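Visitor: One structure, pasted below without further comment.
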Amino acid sequence: MGIEIEKSLIEPKMVIELDDEPLIRMLSDPHMINSETCKRAKIELGEDSQLLSRNIIALRDRILEHPELRARIDDVFLSAFLRTKKHNVEKSFESVKKFYNIQRTYPVHFDFFLPSEKCYLLKKPLLVVCPQSDYLGRKVVLGFPRHINVDKFKIEDVFQYATTLLRLLMEDPQLQVVGLVLVLDLAGFTLLQQARIITPTVAWLIVNIIQECIPFRLREIHIINQAFHFSALFAMFSPFLKEKLRKKIRLHGKNYASLHAEVSPKILPPEFGGSGATLAHDFAATNRFLMSCEDKIKGLRRLTEKEIEVNS
């Protein structure tokens, strides 16, 4: 038996607007994408409206054959998996199983982050969503590992923050098709921080979240301002990287011109040599979005607690 989502969780058209462009659109209907994105879905995924509807039904039927999963079966949730796997229903079903299995194995890491409970995670940017999309319609997410302070909060808190944000992003039908770009700024991420934070388990979890578990199309990973000890850091992740993900990683160092050749400077903050809004502006917009999602996150957490209770 799948989890029927209460209407308040999937029906509101939650749109956070900034500079006439929505930061994120969380919609209940996965067909609600613009004409340009429809064309890209057809070219890249072989998707049209009929195929999407048909495969949502097929994936839902596969989930209902496995009541022990207690998985969500609403349209926009299922479409995220289908689009990530280019409408291979069986691969999408396997991905749904991995999504729930890793949450059961690491329940603390995958608990939902609530801004009202852990507002200290909003004081410094960990992940920031740039409000403007790039020329391909993709959202750019900026990451700042230097702000992970294990003396003030647990690494599990960081996982909760990151996975909650990603699970909200995956409910934007546009982003399900066009995907995300990650820019990771390693400036100030010290050797001591690296040694305390990046254990083999943490490295494995991060890679699995990206490669296997949370359904979003990660297009590129750009790493800037890496220090001399980056090779040791990369060595922690390397054994877990599949070739497909490895090919998406670009190293730029302090060469912002190299970054700008692949990520438009028009959407990057001045701190990254761009001409977009300031980092403080984008950080505030991301925080506002997370705080506006408090009720939705609570509802998703209730569903997770119900699923754990049923399977315990």
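The values are calculated or read from the model by the stated rules, or taken from the named source; none is laboratory data. Please read all numbers here as calculations on a predicted model, not as lab measurements. We place every Cβ from the backbone using ideal geometry, glycine too, and count neighbours over all the protein chains shown. Just the protein is used for accessible areas: all its heavy atoms, side chains included, with ligands, DNA and RNA removed. Shrake-Rupley method; radii C 1.70, N 1.55, O 1.52, S 1.80 Å.
Visitor: Got the relative contact order for the chain handy, in percent, Cα pairs under 8 Å and 6 or more residues apart? Don't jump to the answer; show the numbers that get you there.
Guide: Details: 463 pairs, mean separation 61.6, N = 312.
It rounds to 20 percent for the chain.
Visitor: For the chain, with all protein chains present and a 1.4 Å probe, just round the carbon and sulfur fraction of the accessible area to a whole percent. Can you show the working numbers first?
Guide: Values: 7940 of 13960 Å².
Reported share for carbon and sulfur atoms: 57 percent.
Visitor: With every protein chain kept in place and ligands, DNA and RNA left out, what is the accessible area per residue of the stretch 98-151? Probe 1.4 Å, answer in Å². All intermediate terms of the calculation are to be shown ahead of the outcome.
Guide: Numbers: 2300 Å² over 54 residues.
Accessible area per residue: 43 Å².
Visitor: Using a 1.4 Å probe on the protein heavy atoms only, what accessible surface does Lys86 show? Give it in Å² to the nearest 10.
Guide: Rounded to the nearest 10, the figure is 120 Å².
Visitor: Please determine, in degrees from 0 to 90 and to the nearest 10, the orientation of helix 294-311 with respect to the longest principal axis defined by the Cα atoms of the chain, where the helix direction is its Cα long axis.
Guide: For 294-311 against the chain, the angle is about 60 degrees.
Visitor: Once both axes come from the Cα atoms, what is the angle between helix 89-105 and the longest principal axis of the chain, in degrees from 0 to 90, rounded to 10?
Guide: Long axis of 89-105 versus the principal axis of the chain: about 70 degrees.
Visitor: Let me ask something else. Show the residues, 5+ positions off or on another chain, whose built amide H is closer than 5 Å to the amide H of Val183.
Guide: Val141, Leu142, Gly143, His222
Visitor: Keeping all protein chains in the complex and leaving out DNA, RNA and ligands, what accessible area do you get for Ile223 with a 1.4 Å probe, in Å² to the nearest 10?
Guide: Number for this one is 10 Å².
Visitor: Same structure, new question: As a quick test, which of the pairs Lys91/Lys118; Lys86/Lys118; Lys123/Lys254; Lys85/Lys296 have an alpha carbon distance above 32 angstrom in this structure? Don't jump to the answer; show the numbers that get you there.
Guide: Working: Lys91/Lys118 35 Å; Lys86/Lys118 36 Å; Lys123/Lys254 26 Å; Lys85/Lys296 26 Å.
The answer is Lys91/Lys118; Lys86/Lys118.
Visitor: Could I ask something else about it? Calculate, for the stretch 243-282, the solvent-accessible area per residue in square angstrom, rolling a 1.4 angstrom probe over the heavy atoms of the protein chains.
Guide: Numbers: 2190 Å² over 40 residues.
About 55 Å² of surface per residue is accessible.
Visitor: Residues with beta-carbon under 12 Å from that of Asn55, excluding Asn55: net charge, scoring Lys, Arg +1 and Asp, Glu -1?
Guide: Values: positive: Arg54, Arg60, Arg62, Arg83, Lys85, Lys86, Lys91; negative: Glu47, Asp48, Asp61, Asp75, Glu90.
Taking every Cβ under 12 Å from that of Asn55, the sum is +2.
Visitor: Next question, about the same structure. Mind pulling the per residue volume of the convex hull built on the Cα atoms of the stretch 12-161? Å³ is fine. Mind showing how you got there, number by number?
Guide: Details: hull volume 21.9 nm³, N = 150.
Convex hull of Cα atoms, per residue: 146 Å³.
Visitor: For percent of Cα pairs over 30 Å apart, the choices are (1) 50; (2) 36; (3) 31; which was calculated from the structure?
Guide: (3)
Visitor: Work out Dmax and Rg for the stretch 162-248 from the C-alpha atoms and quote the Rg first, both in angstrom.
Guide: Values for the stretch 162-248 (Cα only, Rg and Dmax): 13.7, 40 Å.
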